[in-house]
Structures are given as C-alpha cells and as structure tokens.
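The values are calculated or read from the model by the stated rules, or taken from the named source; none is laboratory data. Predicted model, so just to flag it, every value in this text is computed and none were measured. Here the Cβ positions follow ideal geometry from the backbone for every residue, glycine too, while neighbour counts run over all protein chains shown. We work out accessible area using only protein heavy atoms, side chains counted, and drop any ligands, DNA or RNA first. Shrake-Rupley method; radii C 1.70, N 1.55, O 1.52, S 1.80 Å.
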Amino acid sequence: MSHRPSSGLAAVSTALLAMSRHLEVRDVLKTIVASARELLDAEYAALGVPDDHGGFAQFVVDGVTDAQWKAIGPLPRQHGILAAMLRDAKTERLADVRTDPRFEGWPAAHPDMSDFLGLPVKDGEETIGALFLANKRCPKPQGSCGFTEEDEELLSILAQHAAIALTNARLYERSRELTITEERSRLAHELHDAVSQKLFSLRLTAQAAASLVDRDPARAKGELQQVAVLAAEAADELRAAVVELRPAALDEDGLVNTLRTHIQVLDRAHSARVTFDSRGIRALPAAQEEALLRVAQEALHNALRHSGAGEVDVALVRRGQGTVLSVTDNGRGFEPMAVRRAGRHLGLVSMRDRASGVGGVLTVQSAPGKGTTIEMEVPGG
C-alpha cells in the first residue's frame, strides 16, 4: 500500500475540519477553494456558484492576487467547459484545457492554464457549484495531464463534503435572516408604542388648547406651543422608525455601530434610560459578533420588559486578551439559583449556549432589589 493515499486522506480530513469551522457562506467558499488547491498541490483553484441568469452569483479564487483578479475583469459567464460541468454534472480532467474544442478563451490578464480538473458540487440532484483546479505543480510529460485519477477521487470526496458545508452555511444565513426579521418586528412594535404615546399626548394637548381658546387665550397659547413640541418629537420617532428599521447591517457596519444604533432605538422607545459605551474594540470573527449581538438583545429585552429598571447600561470593552459585553440594569433583580432551577426563564440557557458556541463564557450577577449584570466574554477583539 502506497504512502500517497494515506497522506491524501489525512489532508482531506484536515480540509473537512477547516470547512466545518465556518458558518458564513463566503468563508465556507474560500475555505473549500484554499483546501482543494492545497490538497492537490495546484497553482490555481476556483469555485463558482451559479445564478439563474447564465452567470455566477459568487465566484471565489485562490492563487490569484487581488491586483490580478481586478485586472481580469467581470465574473465569468457559464460558457465553455464551465457550462458543460454545470449542465452535465460531469467531472472534467484535461491534459490541456486550451486544446479542448469547448475552450472559448479568457481575458488578456487571465493567468495561463494548461492541465485542468473540474467537477460539479451537488446537493442531491441539484448542482450548486463548480469546483476546478489548474496547473498541478509536478513534472508533466508531453501530452499528459498533471492531475491523476487519485486526484480526481480526493477532489470528489472534498466536493461531497463541500456541498454539505455550503448547504449548512446557507441554512445558517437563512436562519439568521429570520432572526433579524423577528428582531426588526419586535423593534417596530416598540417604536410603534412610543410614537402612539406621543400622538396620544399631542391629541389631548390639542383638545385642551381648543377648549381654552375663548376663556384663557394665554393658557391656550402655552398648550399650542406644547403641541408643536410633541409633533416634532413624534416626527423624530417616525424618522427613526424609517432609518433604523432597515435590515441589520452587522456585516457592513460592524458590531459596535450595530449595537449603538440598536440601543439608540431602545432608548427612545422606552421610559428607561439606555446607554452604550465601547472602548478599544477591534473586529471579531463573524460568529462571535453575531453571538454578542444576540446576547445583548436578549439581555436588553429582559431588562426593559421584566426588571422594572430605570437605567440600563451596555458596555463592550477589551479585558486582557478578550472582549467583554456587559448589560447592567438597576431593576428589581432576582435570585440566579432560583432562576436556574426554573429552566429557561429569561432566556439564560439560550444566552449561555450562544456564548459557549463561540468559545465564550456567560456570567450572571443579580440579587433581589440589587439589579442585574449579564456579562459575556469571548477571546480576541
């Protein structure tokens, strides 16, 4: 038995473990491509996810610099060999892609490629991508392909697991979108309540002014001035609803800005004062930022809905080699042991699960009449 298959399977195992560490679709695609190129010792690797219009919704490459990729130009279309792979769901192993009758050329800045190995990535009967490699790093006798049958088998194993990883990542992102939609709906209700209260006060004040116009013009003038103030506040609330109930922008805005916007909404929507402080925080892995945001939202919901607090303070700071989120309220507090025995009260179990799922720790400090502090610490940041 040769040494090569054993080392190949070990490399496949390493590649599969790398893929399992990521939840974001883009991260999974990058890991698949990098793992395939390393596994088969190729100069170039790419993975394309087709759209419904003859192009690619996503196209990830490895072995090409950013400058080269920019010079190449727009994403490729589904034509030539790529189209055949997607249409026929068939593996293509070629000694020289340039001599294949289906080859239709490439842009001037495109690197030169010869030997080629490509295969579809399938989820059941559906082809969800095309994975291919070019220019295996090894001596190539004239007319022979650098990629072997063994390479094809290894890449096939990788592609099968890549399909699972990519499908799981898509499910995760859809789940996250649903969670974001639910959160936006909850915020919409809170802002609706705040605006409704303003409009109710405005109506009562306007009615009072109308009843005072004849018998006490001076007081009526004062009431009308108050109407103007309340109308301006209601307009501000409505603008906030339009601007800040946009889709969550964690990927674009980062954790600090997303948290700040969220807390500004809650501060306006509730009678309690809600503040936010952040110091020395750098970008964290996407999964950690997602978990920190969800724990903050859950803790804020508990504090504002159940604690009777007049003040809630949120902080996101560095501590040693880690990042710490804390949500502190001056509400009625509770006995943590009693809550723990009660099961999932206040969502503490789900918050602990979120923290542990990203290598973090959740702690709860509370006592009856003493308020509550919930802390989540994760490494890095």
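Using the structure shown, decide if Thr148 is open to solvent by less than 60 Å² (accessible area, probe 1.4 Å) and under 23 Å from Ala165 (Cβ atoms). Give the derivation first.
Values: open to solvent by less than 60 Å² (accessible area, probe 1.4 Å): yes; under 23 Å from Ala165 (Cβ atoms): no.
No.
Taking the conditions exactly as written (assigned to a helix (DSSP H, G or I), in contact (Cβ under 8 Å) with a residue 60 or more places away in the chain and over 21 Å from the mean Cα position of the chain (by Cα)), does Ala303 satisfy them or not?
yes
Just to be sure I understand the filter: pairs with C-beta atoms under 6 Å, separated by 6 or more residues or on different chains, first member in region 213-225 and closer than 16 Å to Arg203 by Cα, second member surrounded by 15 or more Cβ atoms within 10 Å (Cβ to Cβ) and β-branched (Val, Ile, Thr). Which pairs pass?
What qualifies is Glu223/Thr205.
When you check Gly63 against the structure, is it farther than 17 Å from Ala159 by Cβ, in contact with a helix residue (DSSP H, G or I) (Cβ under 7 Å, 6 or more places away or on another chain) and among the small types (Gly, Ala, Ser), yes or no?
Taking the combined requirement at face value, the residue satisfies it.
Quick one: count up the residues across region 113-142 that are open to solvent by 20 Å² or more (accessible area, probe 1.4 Å), within 20 Å of Val28 (Cα to Cα) and either touching a His at 6+ places or on another chain (Cβ under 7 Å) or among the aliphatic types (A, V, I, L, M) (or both).
0
Which condition number does Val28 fail, the rest of (1) modelled with pLDDT under 65; (2) surrounded by 18 or more Cβ atoms within 10 Å (Cβ to Cβ) being met?
All conditions are met except number (1).
Here are some conditions: (1) surrounded by 19 or more Cβ atoms within 10 Å (Cβ to Cβ); (2) out of contact with any helix residue (DSSP H, G or I) (no Cβ under 7 Å at 6 or more places or on another chain); (3) within 25 Å of Asp267 (Cβ to Cβ). Gly310 meets all but one. Which one does it not meet?
For Gly310, the failing item is (1).
Out of the residues in region 48-74 meeting the condition of being buried (at least 18 other Cβ atoms within 10 Å of the Cβ) and in contact with a Lys or Arg (Cβ under 9 Å, 6 or more places away or on another chain), tell me which one is farthest from Asp115 (Cα to Cα).
Phe56
Scan Arg77, Arg93, Arg98 and give me the residue that is open to solvent by 70 Å² or more (accessible area, probe 1.4 Å), at pLDDT below 85 and not acidic (Asp, Glu).
The unique qualifying residue is Arg77.
Among what's in region 270-297 and is assigned to a strand (DSSP E or B) and in contact with a Lys or Arg (Cβ under 8 Å, 6 or more places away or on another chain), pick the residue that is modelled with the lowest pLDDT.
Going through the qualifying residues, I end up with Arg279.
So, in region 112-156, exactly how many residues are among the charged types (D, E, K, R), at pLDDT below 85 and either more than 24 Å from Pro50 (Cβ to Cβ) or in contact with a Ser or Thr (Cβ under 6 Å, 6 or more places away or on another chain) (or both)?
2
Of the residues Val317, Val361, only one is under 30 Å from Val28 (Cα atoms), aliphatic (A, V, I, L, M) and free of Cβ contacts under 8 Å to residues at least 24 places away in the same chain; which?
Exactly one of Val317, Val361 is under 30 Å from Val28 (Cα atoms), aliphatic (A, V, I, L, M) and free of Cβ contacts under 8 Å to residues at least 24 places away in the same chain, namely Val361.
Counting only residues that are closer than 9 Å to Gln288 by Cα and open to solvent by 30 Å² or more (accessible area, probe 1.4 Å), how many does region 359-370 have?
The total comes to 1.
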